[in-house]
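First the structure, in the form of structure tokens, and then the observations on it.
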Amino acid sequence: MKSKPSARKASAPPESPFQTALRYLGTRAYSVAELKQKLRRQEIPAAAIDETVARLKQLGFLDDRRLAEHYASSLARNRTFGRFRVERELKARRVDPRAVQPAVDQAFQESDERALLERALDQKMRGLRLPLTRSRLFSLCTSLRRRGYRSDDIMKAVRARPELAPVADDVDPEALEE
């Protein structure tokens, strides 16, 4: 039985930092800071990393602004995340802080945050056992809060639902802030 040849042969020359970076970028988009960190883990010298990043930026393969815009839009539309969660996710990806707020603003110009909240609430309602108790309502509201929506918007959406309104009227939105 023959063994499969490995992807990299032992006799093959080592990749240049640029080739390594391109291989990483071929799998997914990275922010500048993420890519630098990944290259540092490969023990590539700082000067070579800076040169590689500069070249990738020049060629248009590395752009935090564009990454932030696409990622924010995707999170809002596809994952039904609210403004605060999208912002938090961009910061976690170590996107340039100057690109975060404009990207979030643009994403929520394209997508109505209220409609996204309604969609997220619909998704949560499918798995919710009725009748609704205070603890289930609290759990529902905190899960929507983790998705990045404001407490007062959540309570308005919940109170607008006839099946949720009786229990929701007894809950203070301030309790969700904790």
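A Förster radius of 41 Å combined with the Cβ-Cβ distance from Ala160 to Ala92 puts the calculated FRET efficiency at roughly 0.80.
Normalising the average separation of contacting C-alpha pairs (under 8 angstrom, six or more residues apart) by the number of residues puts the relative contact order of region 64-110 at 54 percent.
Given just the C-alpha atoms of region 6-148, how large is their convex hull per residue in cubic angstrom?
Numbers: hull volume 22.0 nm³, N = 143.
With only Cα atoms used, region 6-148 gives 154 Å³ per residue.
Between Ala46 and Asp112, residue separation times 0.36 nm minus the direct Cα-Cα distance comes to 19.5 nm.
The convex hull around the C-alpha trace of region 64-110, projected and averaged over every direction, spans 2.6 square nanometres.
Rg(Cα) of region 106-145 divided by 2.2 N^0.38 Å?
Against the compact-globule rule of thumb, the ratio is 1.37.
No value in this document is a laboratory result; all are computed from the given coordinates. Just so it is clear, the structure is predicted and the values come from calculations on it, not from any experiment. With ideal geometry, Cβ positions are generated from the backbone for all residues, glycine too; neighbour counts draw on all protein chains shown.
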